[in-house]
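The next block holds one structure in the form of structure tokens; read it before the comments.
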Amino acid sequence: MTLRFSPRSLATLVAAVALFVGIAGAQPEPWVHPDGSIHYYDAIGTPAGMNWYDAFDSAAAYGGYLATLTSQAENDFVFSLVDSAPYWHKRSDLKLAGPWLGGTQGFGSPEPDSGWRWVTDESMDFLNWTPGQPDNDGDENALHFGESVGVRVPTWDDASARNDTFRGFVRELSADSTTIGLRQRDTTAYDGYTLFTNNQGRAIYLIDNKGRAVHRWRVTDKTVGAMYLLENGLVSQIGNLNNTSFLNGGRVSLIDWDGNKTWSFDYSDSLKCLHHDAIWLPNGHMMAIAWELKTRAEAIEAGRDTTKLTAGKLWPDHIIEVDTATDSIVWEWHVWDHLIQDHDSTKQNYGVVGDHPELIDLNFVDQGSPSAADWIHANALDYDSAFDQVLFGARDFNEVWIIDHSTTTEQAGGHTGGRYGMGGDLLYRWGNPRTYRRGDTADQVLYHQHHSSWIPRGLPGAGNITVFDNGLLRPGSLYSTAIEFMPPVDSTGHYQDPPPGEPYGPAGPTWQYIANPPTSFYSAQLGSVQRLPNGNTLICDGNSGRFFELAPDTQVVWKYINPVTDTLPKYQGTPPAQNAVHRSPRYAPDYPGLQGHDLTPGYPVELYTTRQYVGVEQAPPAGSVRVGLAVRPNPFSRQASVSFNLPRAVAAELGIYSVDGRLIRTLPVINGTAWDGADNAGNRVGRGVYYCRLQGPDFSSSTKVIKAE
Ligand SMILES: [Ca+2]
Ligand SMILES: [Ca+2]
């Protein structure tokens, strides 16, 4: 539904919000409305008391409205949020009166039960009056839960909107449709906190499973790679330094809970550029992927086929390990040191490609990018401390590679030494045996994957490798998959060599997710897959900014769509756009990096319907609701007629005020009503200046009245 109420001035609302500082609440609970959309309901305690108008303003100022209960189920859910003592007060007749709701009685409606409506203009087909109500027991025109002696009842009563003794209200957030934010939350979903930022974004969000923002960071660099919340509570972010020699990346930063950059490391110039992934090792070192420049001459000398050098250069990847205490590189590994080629026997690295699966064929180029300088496009790092091995993705080889980290840098540049005796040669590779001439297209499993990692020890499937396989250039139709496979490794970290001429095992995945239909899940770039402690699997469909969690049987149990563009959150109900996300890691509630921080959930990241109350640029001019209040004759002697024209039926108040602001006479809100010059006690007031004011939930209009005698 859409709020039909026109807004009042922003200044008034800012003042209203300020007035309500200190009220309890702000933990909205999501609930699936019968139409399938997700609404949020926030029970607000107002221990000092609040009238209906102020509650209305407070709800609107937060982008919502006083809750409208259009079904028994909605009624019962909302009641469950306020069925506790702080939201209720005991009247003098001992009846318990509960919080305000979004029902109002149109002015001039026949009492007591005509003209009731929801503030949203939703139809009021569902009625839930407490027996004996409404009774209009004293100008009652606003709705609340109550009233019954000594009992909190889930039914409704009418009360005076001016009554400022109410202890709470319920704020509802909704939109015409649910297009972004939380889309699904089953009880079997793994409860935790999900970290994300828009690709190229400068705002980082941590949300709970109910789609509520638990924390936000503002950062100065655009985010262009994998991001982590570390066990020490710092966020590790890759920032974009706009290196014009390469693509994006260049900087790794650590950001504390308050958004301060506590450390950063730049690795970006005309010869090199850090990109895609930077991980943190148990010893506190940072390890990252980076491109390095190889000139045309260097590439030819290494054995590159000149027909595959149309870019005139190559950017092979390398891996660096940085001691953050000294910002020095303490270990490195280079693709360039582990090449083989059978193109030119007069050049370096010449050999039989199929005999050396531990080496990287310098002339393997993927069919999608034969001329790309970014020849390998490594894109995901992982480290296993028990084996002391590094795993990373070689996207344009459509493979996952594993190397030994126990080597010295010198050993890592050669073919012997280290725990596994192979120096820096590949210990294992999987996904596309075409790259080492031990298979054909029928044996290729991966297609430009963007995320690969070991399942951590202690989790279901520990030691297996999961892959977000984007499916780019997959033969036939384009679709992404999530894959889990079991590498042929023994307990000491040694991989079973394939028989001569055969590829590395396994032949296929042990688990995979393919959507139905497959093409409904396709992200050509970005994305992640994460095994969760309960055996579910969280997937980030990168290009769509869609996070979804799968049970082991691949049923979707949780779904969320990034509502943030590269700059700001969008309004609920608007189509998702510009919301690509690199990855969406989820952290357990007991994760060390979360300890000691305030994890009180706030509002959803996306914005809600009454956008005119939120965006400064959309604030309407003050007084845009014209009610045409007029008093005639004016000045008057015996009696004046008060006329106005409300845009719709709404609860409003009409009164005469003294120049010092005291209400001296309440008038019925009826167009053409008369003021006889008397106060509420029936005594005629003296001659002078008075003000007649008509006030509703979203407007206030007053006019000067001169009483001549
Ligand atoms: Ca509602
Ligand atoms: Ca009543």
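The values are calculated or read from the model by the stated rules, or taken from the named source; none is laboratory data. All values derive from a computational prediction rather than experimental measurement. Methodologically, a virtual Cβ is constructed for each residue, glycine included, from the backbone with ideal geometry; neighbour enumeration extends over all protein chains shown.
Take the conditions surrounded by fewer than 24 Cβ atoms within 10 Å (Cβ to Cβ) and either more than 15 Å from ligand 1 (Cβ to nearest atom) or more than 23 Å from residue 43 (Cα to Cα) (or both) and apply them to residue 128. Does it pass?
Details: surrounded by fewer than 24 Cβ atoms within 10 Å (Cβ to Cβ): yes; either more than 15 Å from ligand 1 (Cβ to nearest atom) or more than 23 Å from residue 43 (Cα to Cα) (or both): no.
Against the criterion (surrounded by fewer than 24 Cβ atoms within 10 Å (Cβ to Cβ) and either more than 15 Å from ligand 1 (Cβ to nearest atom) or more than 23 Å from residue 43 (Cα to Cα) (or both)), residue 128 does not qualify.
Evaluate the following for residue 476: is it within 38 Å of the chain's Cα centre (by Cα) and at positive phi? Don't jump to the end; show me each part of the working.
Values: within 38 Å of the chain's Cα centre (by Cα): yes; at positive phi: yes.
So residue 476 fits the description; yes.
Would you confirm whether or not segment 9-29 contains a residue that is in a loop (DSSP other than H, G, I, E, B), over 30 Å from residue 215 (Cβ atoms), more than 16 Å from ligand 1 (Cβ to nearest atom) and modelled with pLDDT of 90 or more? No, the conditions are met nowhere in segment 9-29.
Determine whether segment 356-368 contains at least one residue that is of a type outside the set (Val, Ile, Thr), modelled with pLDDT under 95 and closer than 26 Å to residue 499 by Cα.
Yes: segment 356-368 contains one or more residues that are of a type outside the set (Val, Ile, Thr), modelled with pLDDT under 95 and closer than 26 Å to residue 499 by Cα.
Within segment 679-702, the set of residues being at pLDDT 85 or above and either among the acidic types (Asp, Glu) or closer than 16 Å to residue 627 by Cβ (or both) comprises 679, 691, 692, 693, 694.
Filtered by the rule that a residue be crowded, with 19+ Cβ neighbours inside 10 Å and not aromatic (Phe, Trp, Tyr), segment 319-333 gives 319, 320, 321, 322. Taking every residue in segment 675-692 that is within 12 Å of residue 659 (Cβ to Cβ) and pairing it with any residue that is loosely packed, with under 12 Cβ neighbours inside 10 Å and small (Gly, Ala, Ser), at least 6 positions away or on another chain, the pairs with Cβ-Cβ distances below 9 Å are 691/661.
Any residue at all in segment 644-655 that is of a type in the set (Lys, Arg), at pLDDT below 85 and either assigned to a loop (DSSP other than H, G, I, E, B) or in the same structural domain as residue 140 (by TED's automatic domain parsing) (or both)?
Initially, segment 644-655 is screened for residues of a type in the set (Lys, Arg), giving 648.
Filter again for at pLDDT below 85, leaving 648.
Subset that is either assigned to a loop (DSSP other than H, G, I, E, B) or in the same structural domain as residue 140 (by TED's automatic domain parsing) (or both): 648.
The answer is yes; a qualifying residue exists.
If I ask for residues that are at pLDDT below 95, within 14 Å of ligand 2 (Cβ to nearest atom), not small (Gly, Ala, Ser) and not in a loop (DSSP other than H, G, I, E, B), which ones from segment 79-134 would you list? Answer for segment 79-134, where residues must be at pLDDT below 95, within 14 Å of ligand 2 (Cβ to nearest atom), not small (Gly, Ala, Ser) and not in a loop (DSSP other than H, G, I, E, B): 104, 105, 116.
What residue, among those in segment 52-78 that are among the aromatic types (Phe, Trp, Tyr) and within 23 Å of residue 606 (Cβ to Cβ), is nearest to ligand 2 (Cβ to nearest atom)? Walk me through it before giving the result.
Taking segment 52-78 first, the residues among the aromatic types (Phe, Trp, Tyr) are 52-53, 56, 62, 65, 77.
The next check asks that each one be within 23 Å of residue 606 (Cβ to Cβ); those that pass are 56, 62, 65, 77.
Numbers: 56: 18, 62: 28, 65: 22, 77: 24 Å.
The residue in question is 56.
Among the residues making up segment 526-566, a single one is modelled with pLDDT under 95 and of a type in the set (S, T, N, Q): 565. Listed by first and then second residue, the pairs linking a residue in segment 113-128 that is within 16 Å of residue 144 (Cβ to Cβ) to a residue that is within 16 Å of ligand 2 (Cβ to nearest atom) and part of a loop (DSSP other than H, G, I, E, B), with Cβ atoms under 7 Å apart and 6 or more places separating them unless they lie on different chains, are 113/134; 128/155.
Within segment 542-591, count every residue that is of a type in the set (A, V, I, L, M, F, W, C) and not in a loop (DSSP other than H, G, I, E, B). Total satisfying the criteria: 9. Close Cβ contacts (under 8 Å, 6 or more residues apart or on different chains) running from residues in segment 60-83 that are closer than 20 Å to residue 572 by Cβ and assigned by TED's automatic domain parsing to the domain that holds residue 128 to residues that are within 16 Å of ligand 2 (Cβ to nearest atom) and in a helix (DSSP H, G or I) comprise 66/52. As for segment 43-53, it holds at least one residue that is in a helix (DSSP H, G or I), modelled with pLDDT of 50 or more and buried (at least 21 other Cβ atoms within 10 Å of the Cβ). Which of the residues belonging to segment 390-439 are among the basic types (Lys, Arg) and part of a helix (DSSP H, G or I)? Once the filter is applied, which keeps residues that are among the basic types (Lys, Arg) and part of a helix (DSSP H, G or I), segment 390-439 yields 395, 434. The condition (being farther than 20 Å from residue 606 by Cα, assigned to a loop (DSSP other than H, G, I, E, B) and free of Cβ contacts under 8 Å to residues at least 12 places away in the same chain) is satisfied by just one residue among 187, 220: 187. Summed over segment 144-177, residues that are more than 15 Å from residue 83 (Cα to Cα), within 10 Å of ligand 2 (Cβ to nearest atom) and either small (Gly, Ala, Ser) or in contact with a helix residue (DSSP H, G or I) (Cβ under 8 Å, 6 or more places away or on another chain) (or both) total 2. The listed residues are 375, 336, 331, and the only one of them that is in the same structural domain as residue 265 (by TED's automatic domain parsing) and assigned to a loop (DSSP other than H, G, I, E, B) turns out to be 375.
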